[in-house]
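**Q** Take a look at the following structure, please.
The values are calculated or read from the model by the stated rules, or taken from the named source; none is laboratory data. It should be emphasised that the depicted structure is a prediction, and the values quoted were computed from it without experimental measurement. Here the Cβ positions follow ideal geometry from the backbone for every residue, glycine too, while neighbour counts run over all protein chains shown. SASA here: full protein model, heavy atoms, side chains in, ligands and nucleic acids out. Shrake-Rupley method; radii C 1.70, N 1.55, O 1.52, S 1.80 Å.
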Amino acid sequence: MAPLSEAKQLETLLELQRDLALEASIEKVLGRITVAATTMLDAERATLYVVDQTRNEIWSRALTEGREIRLPLDGRSLAAEVARTGTVLRIDEPYADPRFDPSVDARTGYRTRSILVVPIDSRDRRRVGVLQAVNHADGPFRPDDERYAVSLATSAGIALEYVQLSADLSAERLRVVKVAEEERHRLARDLHDGVAQTLANAALGIELAERRAKQDVPAAIADLEQLRGRLLESQKGLRDILFALRPVVLEDGGLGAAARALAERLNGQNGSHVVARRVDAERRFGPEVEAGAFTVIREAANNAIKTGRAAEVSIDVYEDGDAVVAMVEDNGKGFDVASTLQGYASRGSLGLLQMRESARLIGAQLSLDSSPGQGTRVRLRIPVA
């Protein structure tokens, strides 16, 4: 195989950049990079390893020949050495290098005569993989080969970063869907246990009152009065659900007005004293930002009076420089923040998960300060820009 001219090598690099921009399949792009490594570097084989930090290993995501290879990240191999250190290795006699692991050759019957290994980094300098070329056709690899290998590794880094971004985006979609699904379940549960149950009982009560009216009109009227009281209570519960979903006061008066209305509604529940302490922010945000911020305030206050068993709950909404700060403080039982957050994924509960996701989606900073027996403070900082 004749070595490629410099013009042909540059043309190959440009084609790779085009593939990277147009090809939807990242696996095809990575495969093209390994094939290009054999042609551009005049090598027999090429392997593109990906770093897997969770398993503490590197594995061959794309290779021109052979089966999948997995190597310990802290083990003895030239690829692992480059993955750890980020240095470029150009070895003319691998068997004379103590870092070389001949066991792969021993298993496959292959003989490594020369090797070139370059790190693959993302744009934020994270080590994401390693590109390895084996056995140059004319003996050792040359300095020019090293330069082209680094260019190929740059293309591979962009492709692998795209893979990570795609995975992160998919995970974000799942988190958003999970929060929305939890909210729908809670809404359905509240409607079923509250309004729907009351209406069903009311229908039965009216039927019984009709029968009773035939013999005892005053008693039937008394029964209807009781039903009226239960229906009014159910109406209040329905209004509470609508307020939680999208309070009209939030649209009309903004976050401060909604916080004051929330304090009034929650005051007295479970014996808690809920007060709007410092609520003087007048700055308005977009509807979606205010809705997300109100979700955090509402969840924090509800958690304080329901699970935190707080006697005193304070809500603040005030301006702080180029941001608006919303804060909910209570003197409840508190909790271990780290262990609670860690366990939320397995328990599938809403609470803190919804607050975190709401804050993240509107670009706000959420901080939780709590410890057992010391109460809880939830602080949300919403940047103006």
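**Q** Would you compute the Debye intensity of the range 85-167 from its alpha-carbon atoms alone, equal scatterers and no solvent, and pass along log10 I(q)/I(0) at q = 0.11, 0.12, 0.25, 0.26 Å⁻¹ to two decimals?
**A** Log10 I(q)/I(0), no solvent term: -0.35, -0.41, -1.15, -1.19.
**Q** Then there's this: Using the scaling law 2.2 N^0.38 Å as the reference, what is the normalised Cα Rg of the range 257-340? Provide the component values of the computation, followed by the final result.
**A** Details: Rg = 13.0 Å, N = 84, 2.2 N^0.38 = 11.8 Å.
Normalised Rg, Cα atoms only: 1.10.
**Q** How much accessible area per residue does the range 200-317 have, counting only protein heavy atoms and a probe of 1.4 Å, in square angstrom?
**A** Working: 6610 Å² over 118 residues.
Here the residues of the range 200-317 average 56 Å² of exposed surface.
**Q** By the gyration tensor of its Cα atoms, with a ≥ b ≥ c the square roots of the eigenvalues, what is the shape of the range 231-294: rounded for a/c under 1.5, prolate for a/b over b/c, or oblate? Please report the intermediate quantities before stating the final value.
**A** Details: a/c = 2.72, a/b = 1.37, b/c = 1.98.
Oblate, since a/c reaches 1.5 and b/c is not below a/b.
**Q** Taking the inverse of the average 1/r across all pairs of different Cα atoms in the range 285-385, what Kirkwood radius in Å do you get?
**A** Details: mean 1/r = 0.0730 Å⁻¹.
Computed over Cα pairs of the range 285-385, the Kirkwood hydrodynamic radius comes out at 13.7 Å.
**Q** Measure off 7 Å from each Cα along the Cα-to-Cβ vector at VAL337 and THR307, then give the distance between these two points in nanometres to one decimal.
**A** 1.5
**Q** A further question on this structure: If you project the alpha carbons of the range 30-97 onto the principal axes, what extent comes out on each, in Å, largest first?
**A** Principal-axis extents of the range 30-97 (Cα, largest first): 32, 27, 20 Å.
**Q** What part of the accessible area of the range 249-333, given as a whole %, is carbon or sulfur when the probe is 1.4 angstrom?
**A** 43
**Q** Using the Karplus curve 6.51 cos²θ - 1.76 cosθ + 1.60 with θ = phi - 60°, work out ³J(HN,Hα) for each residue of the range 63-79 in order, rounded to whole Hz, and write x for Gly and Pro.
**A** 8, 7, 8, x, 9, 4, 10, 10, 10, x, 5, 9, x, 8, 6, 5, 5
**Q** What residues qualify as long-range amide H neighbours of GLU312, i.e. H under 5 Å apart, gap of 5 or more or another chain, H built at 1.01 Å from N?
**A** HIS273, ASN331
**Q** In addition: Read phi for every residue in the range 201-206 and hand back ³J(HN,Hα) as whole Hz from Karplus 6.51 cos²θ - 1.76 cosθ + 1.60, θ = phi - 60°, with x for Gly and Pro.
**A** 5, 5, 4, 5, x, 5
**Q** For the residue pair ILE206 and ARG113, what label-to-label distance in nm results when each label sits 7 Å from Cα along the Cα-to-beta-carbon direction?
**A** Reported label-point gap for ILE206 and ARG113 is 9.4 nm.
**Q** Quick one: accessible area per residue over the range 38-177, 1.4 Å probe, rounded to a whole number of Å²?
**A** On the way: 7130 Å² over 140 residues.
Solvent-accessible surface per residue comes out at 51 Å².
**Q** Collect residues whose amide H, placed 1.01 Å from N in the peptide plane, falls under 5 Å from the amide H of VAL128; neighbours closer than 5 in sequence don't count.
**A** Placed amide hydrogens put ILE120, ASP121, SER122 under 5 Å from VAL128.
**Q** Ordered by residue, what ³J(HN,Hα) values in Hz, to whole numbers, does the range 247-252 give under the Karplus form 6.51 cos²θ - 1.76 cosθ + 1.60, where θ = phi - 60° and Gly and Pro are x?
**A** The phi angles translate into x, 4, 5, 5, 5, 7 Hz.
**Q** Compute the separation of the alpha-carbon centres of the range 22-62 and the range 261-320 and state it in Å as a whole number.
**A** Going from one Cα centre to the other spans 52 Å.
**Q** Hey, rough spin-label estimate for HIS192 and GLU319, points 7 angstrom out along Cα→Cβ, what's it come to in nanometres?
**A** 4.7
**Q** 5 Å is the cut-off here: which amide hydrogens, built 1.01 Å from N in the peptide plane, fall below it relative to LEU63, excluding neighbours closer than 5 in sequence?
**A** Placed amide hydrogens put LEU48 under 5 Å from LEU63.
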